[in-house]
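What follows is one structure encoded as structure tokens, with my remarks underneath.
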Amino acid sequence: MTDLSVQREGMPVIDRSRLIFWGVAILTAVLVISPLAPIIVQAFLDRPLYMSDAGLTLDNFARLFREAGMLGIFLNTLYFAVLTMAVAQVFGAVMAVIIGRTNLPGRQWIGEIFVWPLFVSNLVIAFGWFTMYGPSGFITLAVRSWIGVEPWNLYSLTGMGVVAGLSQAPLAYLMCLGAVTKADAQLESAARSVGAGPFRALWSVTVPMMRPALIYSAVLNFVIGIEMLAIPLLFGGPSGIQTVTTFLYDQGINAAVRPEYGIVGAAAIILLMLVAFLVWLQGFLMKGSGRFVTVRGKASRPSVLDLGRWRWALFALVFAFVFLTIIAIFAGIFLRSAVTFLTPLVPFWKLLTTANFEMIFSSANYVRSIVNSVVIALVGGLIGTAFVALIALVARRSEFRFARPLEYLALFPRALPGIIAGLGFFYAVVWVPGLDLIRGTIWILMLAFILRYIPIGFGAIAPALSQVGDELDKGARIAGADWLTTVSRIVLPILKPALFSCFALLFIHFFKEYVTAAFLFQPGSEIIGTTMLQLVAQGDNGPVSALATIQVIITAVFVFLARRLLGARIYG
Amino acid sequence: MADLVLDHLTIQYGDVKAVDDVSISVASGEFLTLLGPSGCGKSTTLFSIAGLNKATSGSIRMGDKVLFDGATNTFVPPEHRNIGLVFQSYALWPHMTVAENLAFPLKLRRLGKTERDERIAEALKLVEMTRYADRYPYELSGGQQQRVALARALVYRPSLLLLDEPLSNLDAKLRERARVWLRELQERLNVTTIYVTHDQAEALAVSDRIAVMSMGHLRQLGTPKEIYERPADSFVADFIGSSNFLAGRMVQQEASHAVVELKNGTRLRTAPGQARSDGSLVVAIRPERIEIVPELCENSFLAEIGTGTYLGSIYQYHVTIADTELRIQTARELPPGPVHLRIPPEATAVYAEAPGEY
Ligand SMILES: Nc1ncnc2c1ncn2[C@@H]1O[C@H](COP(=O)(O)OP(=O)(O)OP(=O)(O)O)[C@@H](O)[C@H]1O
Ligand SMILES: [Mg+2]
């Protein structure tokens with residue numbers, strides 16, 4: 001019989017599991033604190049924080065509010081975010097009911113197309129809208145030549161809000177879809193049995209069940225509206241409409257002559273507090289949503305509503321909507337990349353060119369930005385998945401004393417807007433001696449991206465983890481395995497599908513990211529997103545669309561492979 | 001193999017004491033059952049022996065090895081205890097075949113491949129599952145999974161085997177066969193075993209001794225016969241088998257017997273026992289011990305046969321004696337109507353507290 005040595009707690013036994021607990025916790029804390037600390041410090045300093053004679057002051061906040069138009073900027077941000085949220089929630093929820101519960105023809109593929117915008121950045125979407133619906137956009141010109149007036153103005157706060165809302169609708173859609181399709185069919189049957197018609201049953205039983213999903217995604221979309229850079233930058237720039245993010249971006253990037261570090265820090269803090277409050281509010285609103293829990297162990301399939309003779313009419317409506325707001329946007333980008341200029345007045349096949357792509361592939365900078373993007377997404381995705389998995393395992397499946405605090409810490413980046421994370425890491429590398437080493441490399445980008453998307457990865461792994469009964473770990477422990485062996489031999493192999501999904505999600509997010517990188521990249525570490533930002537600023541629409549096309553194609557190939565080969569679940 | 005000793009073990013969650021000052025010692029090779037209603041702290045006790053939860057105070061020792069001691073803050077992690085544990089849900093690792101499930105603990109103990117294979121074959125043979133070595137857990141029936149779980153817990157020859165309601169997922173027939181088989185296996189291997197169940201028939205059938213628990217307390221520790229025939233208190237009397245309870249007060253207390261006055265004034269001769277300070281008590285009598293007599297005599301009552309239930313091998317009837325409804329069990333069917341019932345004094349037990357009063 002194997003004799004086993006007895007360990008006593010009194011003696012300092014360094015076991016490897018404990019090392020990992022502390023290692024993961026400390027690393028997470030360092031990651032979360034490194035962008036936050038410098039921003040907070042900077043906001044209260046009268047000079048850039050790397051200067052040794054900087055003194056404490058509150059003047060930054062005072063100057064921020066004295067700044068001309070500051071109030072307007074905050075109001076713009078609020079209006080834009082509210083509109084983004086409202087549009088996203090309405091379209092998302094309606095589409096969820098239509099796709100999830102009716103017999104609309106082709107609802108399978110319409111649903112798939114509807115989530116496309118989630119795979120690409122807002123920058124690409126914004127550029128697509130600009131190409132089709134901008135003041136000299138393809139569809140705008142076509143409509144003007146037909147009816148004589150321009151029926152819309154994209155370069156307005158409302159225009160921006162609608163575009164942002166439509167690009168965020170898939171998020172609301174996915175969450176509501178989960179709620180309506182998983183709703184226990186028996187609940188609706190019960191309503192039917194007491195005399196409600198099918199639509200009445202849907203409206204009074206199932207639609208209220210979407211409430212938690214609606215609330216949750218509403219706050220999420222509001223936060224995304226507040227921290228969104230691309231759409232306000234592209235559409236607000238020409239007409240001089242500023243939001244907090246474009247203000248931060250302009251002050252931090254473009255004001256090279258007069259870098260207003262103090263004001264930027266102060267504005268960043270206000271933004272941070274606002275977002276943190278919203279994330280807290282989200283948690284608060286979601287409390288007690290247990291009574292809306294609709295998922296039961298043996299839920300039968302919800303019944304499908306027969307639209308009857310409205311089937312094809314509704315199909316026409318939904319298809320037109322999806323065509324005009326999604327297909328046309330992507331088509332516009334592809335088309336624009338293949339022509340010298342895009343106009344409804346000349347048939348596009350007379351303007352075909354490969355010049356845009358040639359320009360991308362002949363420039364070392366542009367090629368490097370593509371390579372960097374792929375490397376960051378792949379390597380960062382792998383490292384991120386490993387790190388997030390460890391966090392989830394320590395937080396949920398270990399005897400670590402600070403397991404709960406670790407989870408809160410790891411989920412904090414939800415409240416950290418990308419632009420602030422970027423700015424914070426930018427300050428950190430300037431400020432902290434030694435970090436100079438990774439300044440301007442793709443490693444700092446990877447670090448910032450990983451931090452920012454820990455919650456996304458966690459969201460992919462945690463639910464799967466709670467499906468794995470904890471007696472499986474206990475069985476391994478009692479059979480003689482320590483914590484590390486247990487998780488690596490028992491829990492992780494069972495979690496494999498969730499790990500693949502986590503990796504795929506992180507890959508997509510890293511690959512499309514641009515905001516967080518805006519302050520962090522330098523020549524040599526540019527990524528597709530930052531290069532596109534620069535090209536957009538210069539008005540080089542041909543290369544922008546070529547780059548966007550390349551990004552979309554790589555993403556599509558990746559999603560296809562990830563679903564096929566890894567069986568990853570990415571947005572349904 | 002060594003004795004296992006739980007000494008004043010207390011396990012607290014918040015302000016709930018899931019296990020409250022429990023002391024048990026289990027002899028080497030013994031089959032001890034923890035029995036009690038749901039939520040009484042059986043699993044909590046078992047898991048603290050395994051090291052899967054940490055007790056609040058007291059100690060757990062196996063031979064001269066201290067597994068847990070609240071006073072010195074000693075805690076041996078589960079993987080260093082060399083204990084076998086079978087979970088109610090079996091907890092077979094779904095991504096490993098039966099053989100791989102058994103191999104895992106052996107690999108952790110760094111056994112060579114040949115010895116490993118030998119031991120796996122031996123363990124599978126023991127549970128009659130040799131044919132299924134290459135199956136995955138989901139390809140097995142519940143009963144087969146339960147055997148594999150047992151084989152996995154035995155394959156590394158643990159010094160102690162813990163079983164948490166291992167048979168509760170099986171159907172009644174299979175459960176009865178499995179418990180006989182389990183007991184035979186345990187005797188053959190002579191492995192010290194602690195078995196958790198809330199099924200009293202199972203406990204009575206397989207155990208050397210039974211520890212009856214309720215709300216974290218150890219109520220009685222004894223052989224099945226002791227527990228059944230001499231319940232230490234009315235909770236045990238009620239939980240094991242079943243008992244009728246007649247409330248009354250003490251009239252006369254002797255060394256050999258007692259006389260109790262029931263609520264309606266009738267007097268009853270009973271076994272000796274203790275009453276509360278105000279004289280109130282309950283008399284417990286098992287339904288099958290109530291006799292039907294041809295005419296009134298001492299300790300007998302005239303009663304009316306009420307509704308009956310056919311329980312398969314016996315009949316159970318509700319009758320009313322001294323304003324209290326009782327159950328009686330008989331081997332043959334009784335015609336409705338009046339009957340004389342006798343409560344034999346030697347079949348009674350007297351307790352100060354009624355079963356619900358703890
Ligand atoms: N981790 C925990 N946190 C808080 N309370 C707990 C925890 N584990 C057990 N308890 C409580 O301790 C008590 C005993 O639980 P235990 O699981 O030991 O019961 P049991 O006797 O095994 O019951 P069953 O037959 O239902 O399995 C219960 O009241 C339970 O709610
Ligand atoms: Mg239990």
R0 = 60 Å: FRET efficiency of residue A:66 with residue B:168, Cβ-based, nearest 0.05? 0.25
So what does the Cα-only Debye profile of the protein assembly as shown read at q = 0.06 Å⁻¹, as log10 I(q)/I(0), no solvent term? -0.62
Say the dipole of the protein assembly as shown comes from +1 at the beta carbon of Lys and Arg and -1 at that of Asp and Glu; which of A:553, B:190, A:486 then lies farthest toward its positive end? A:553
Shielded residues, the range A:466-509 - accessible-area loss of 50 Å² or more between chain alone and all protein chains, probe 1.4 Å: A:471, A:472, A:474, A:477, A:478, A:479, A:489, A:490
Would you mind working out the accessible area per residue for the protein assembly as shown, using a 1.4 Å probe, and quoting it in Å²? 44 Å²
Chain A: calculated mean residue ellipticity at 222 nm from DSSP helix runs of at least 4, using -39500 (n - 2.57): -21000 deg cm²/dmol
A 1.4 Å probe over the protein heavy atoms gives the protein assembly as shown a carbon and sulfur accessible-area percentage of 60 percent
Relative contact order %, chain A, counting alpha carbon pairs below 8 Å whose residues are six or more apart: 20 percent
Net charge dipole size for the range B:236-357 [Lys, Arg +1 and Asp, Glu -1 on Cβ; Debye, nearest 20]: 60 debye
Going toward the positive end of the dipole of the protein assembly as shown, with +1 on Lys and Arg Cβ and -1 on Asp and Glu Cβ, which of A:354, A:369, A:388 do you reach last? A:354
Largest-first principal axis extents, alpha carbons of the range B:236-357, Å: 42, 31, 23
Under the Karplus relation with 6.51, -1.76 and 1.60 and θ = phi - 60°, whole-Hz ³J(HN,Hα) for the range A:537-552, x at Gly and Pro, equal 4, 7, x, 7, 5, x, x, 4, 5, 5, 5, 4, 4, 4, 4, 5
Run down the aspartates and glutamates and flag those whose C-alpha is under 18 Å from the C-alpha of residue B:113, throwing out any fewer than 8 positions away in its chain. B:100, B:122, B:134
Work out the mean other chain Cβ neighbour count within 10 Å for the residues of B:46-53 and drop it here as an integer. 2
Under 16 Å from residue A:287, Cα to Cα: aspartates and glutamates that are on another chain or at least 8 residues apart: none
Area buried, chain B against chain A - accessible surface, total, 1.4 angstrom probe, square angstrom: 2800 Å²
With charges only on Cβ, +1 for K and R and -1 for D and E, what is the dipole size of the protein assembly as shown about its Cα centre, in debye, rounded to 20? 2380 debye
Shielded by partner chains, the range B:85-126 residues - at least 40 Å² of accessible area, 1.4 Å probe, vs chain alone: B:87, B:93, B:95, B:104, B:108, B:109
Average beta carbon contacts from partner chains per residue of B:66-77, 10 Å cutoff: 3
Note down the relative contact order for the range B:34-112 as a percent, whole number, built from C-alpha pairs under 8 angstrom at least six residues apart. 17 percent
Between the residues B:306, B:239, B:153, the Cα farthest towards the positive end of the dipole of chain B, that dipole coming from +1 and -1 charges on the beta-carbon of Lys, Arg, Asp and Glu, is from B:153
Given bins 20 angstrom wide, list per bin the percent of all Cα-Cα distances in chain B, short to long. 26, 46, 24, 4
To the nearest 500 deg cm²/dmol, what mean residue ellipticity at 222 nm is calculated for chain B from DSSP H runs of n ≥ 4 alone, each contributing -39,500 (n - 2.57), summed and divided by the residues? -7000 deg cm²/dmol
Expressed in nm to one decimal, what extension gain is obtained for the pair residue A:15 and residue A:46 from 0.36 nm per residue of sequence separation less their Cα-Cα distance? 6.4 nm
Excluding same-chain residues fewer than 8 positions from residue A:350, which aspartates and glutamates have a Cα within less than 20 Å of its Cα? A:358
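The values are calculated or read from the model by the stated rules, or taken from the named source; none is laboratory data. All values reported here derive from a predicted model rather than from experimental measurement. Glycine also receives a Cβ, built like all others from the backbone with ideal geometry; neighbour counts cover every protein chain displayed. In case anyone asks, the SASA skips ligands and DNA or RNA and just uses the protein heavy atoms, side chains included. Shrake-Rupley method; radii C 1.70, N 1.55, O 1.52, S 1.80 Å.
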